[in-house]
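What follows is calculated from the coordinates using simple rules that are stated; it is not laboratory data. Not measured: the values here are computed from a predicted model. All Cβ positions, even for glycine, are placed from backbone atoms using ideal geometry, and neighbour counts span all protein chains on display.
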Amino acid sequence: MAAPVPGKFQGVSTLPNIAAERLHRLASVIVQATGSGEDEAKAVADHLVVSNLTGHDSHGVGMLPDYIKNFRAGLVVPNQTLKVLRDVGAVLLLDAGRGFGQTMARDAMKLGAERAKKLGCAVVGLRNACHVGRIGFWAEQCAAEGLVSLHFVNVADHDPLQAPFGCSTARLGTNPFCVAVPGADGKPMLLLDMATSAIAFGKARVARNKGVPVPEGVLIDAEGRPTTDPTTYVDTRKGALLSFGLHKGSGLAIFCEILGAALIGGQTIAPHHVREDGIVNSMFSLLVDPAAFGDLDSMRQEVQAVIDWIKESPPAPGFDAVMMPGDPENLARVARARDGVPIDPKSLGDILAAGVSLGLAEADLRQIVEG
C-alpha cells in the first residue's frame, strides 16, 4: 500500500466547534444569495446541517462551495418546481429541471408518500436534480410517514469517480444506496445509507481539507496503484475511489446506475452524455406502506425481535457495542447537538469565499459563525 507523502500529514488544524444553529443561518444566507426563496434556502440548510449533525460531513455545509460554483455556471436553477412527466397509478416520473436537490427530492418524496399511503406502495423516478445530498434524509422523511423505502441513486454530469471491481480507472459515480424501516413505539428506525464506493467523494474532500490520509483500500492513483493520499485525487480527479466489498459493492453500484438513471430516463455516466462539471442525480425510490401487508403490529414485533437477537450478541474484540444500521447517526446527532459541529479551517474558508463570491460581506458571514 502506497504511503502518504512524507511530512504531508503532520496534524490537523482545528477550529472551535460551531453550533448547528449558526451553521444553519450561514447556509441559509448563502443559498438565499443565489436568489432562492426563503423556503428553499431553509430546506437546503436543514438538509446540510442535519447531515453534519448525523456525522456525514461529506454531505454537510462543506458542499456549499460546490453548489455556488455550479450556480454561477448555470448548472443549478433556484426555485424550480417539479414537473410530472408520467403519472400511472403507483408510478410517478418527475423531472427536477436542475433544481436544488434538497427541494426537488423533498417534494418528490412527499408526492410518493401520499400515493403509497393511498395505494399501498409507490414507485418514484426523480431525474435531472442537482445534488440531492444525503440519501438517508429522504428515507427518514418516508419513515416519518410510517413507510418503508428503498432508494437507488446515480451521479452524473461530471467525470466518473468510482472504479468498479477489476477496473483501473473510474467508470461510475459514487452511486448511493439507501433503505429504511420505521421504528415503532419510540424505537429508532433502521437506516442503511451508503455510497457504493468505499467512501464518498466528500469524505476524501474532508480528508484533503483536514490534511489527513484516507483509509487504506479505498483509493487508487492515476496509474491504478493503491494510495492513501487524497490530495491529487480531490484536486485533479486523477485516480479513483474503489467500490466497497470488491465485486459485491461493484455490482450494487452498477445497478444504482441502471435503476437510478437508465430505467427512468435519467442522465447516466456513459460518455455520450455531455458532462458540464455539475452534479446531477437521478433517484429511483420504492415506498411501501407496511400496513398493506396486513398485521402491522406483528411485523413490528418481528423486526424488533431480529434487532434484539442481534444486539444480544457479545461485542466482538475491538468493539464496545453491537450497532444497528442508523445507530451511528443517532449517536452523532446527540453528541453534535450538544457539542457543536467540527469544521476545519479550509472548509470554513471555502464556505465563506463562496458567500463572498455572491456579493455577501465576509465580515457579516464571520459574524454569523463567531457571534
> So for the chain, Kirkwood radius off the Cα pairs, Stokes-Einstein at 20 °C and 1.002 mPa s: how many µm² s⁻¹?
Replying inline: 100
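Order these by the 10 Å Cβ neighbour count, fewest first: 24, 273, 131.
273, 24, 131
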>> Taking every DSSP beta bridge with both residues inside region 90-248, roughly what % is antiparallel (nearest 5)?
In response: 65
> Rounded if a/c is under 1.5, else prolate if a/b beats b/c, else oblate: with a ≥ b ≥ c from the C-alpha gyration tensor eigenvalues square-rooted, which is region 51-161?
Replying inline: oblate
> In whole angstrom, how far apart do the alpha carbon centroids of region 61-88 and region 315-338 sit?
Replying inline: 33
> Of 110/346; 83/117; 187/210, which pairs sit farther than 28 Å apart, going by alpha carbon to alpha carbon?
Replying inline: 110/346; 187/210
>> Relative to 2.2 N^0.38 Å, what does the C-alpha radius of gyration of region 278-371 come to as a ratio? Two decimals please.
In response: 1.79
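Please label the shape of region 148-289 as rounded, prolate or oblate, based on the square roots a ≥ b ≥ c of the eigenvalues of the alpha-carbon gyration tensor (a/c under 1.5 means rounded; beyond that, a/b larger than b/c means prolate, else oblate).
Oblate shape, in that a/c is at least 1.5 and b/c is the bigger or equal ratio.
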> If Lys and Arg each add +1 and Asp and Glu each add -1, what is the summed charge of the other residues whose beta carbon sits under 15 Å from the beta carbon of residue 313?
Replying inline: -3
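Using the 10 angstrom Cβ neighbour count as an exposure proxy, how do 95, 66 rank, fewest first?
66, 95
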> Would you list 319, 284, 165, 100 from fewest to most Cβ contacts within 10 Å?
Replying inline: 319, 165, 284, 100
> Normalized C-alpha radius of gyration of region 40-81, against 2.2 N^0.38 Å?
Replying inline: 1.21
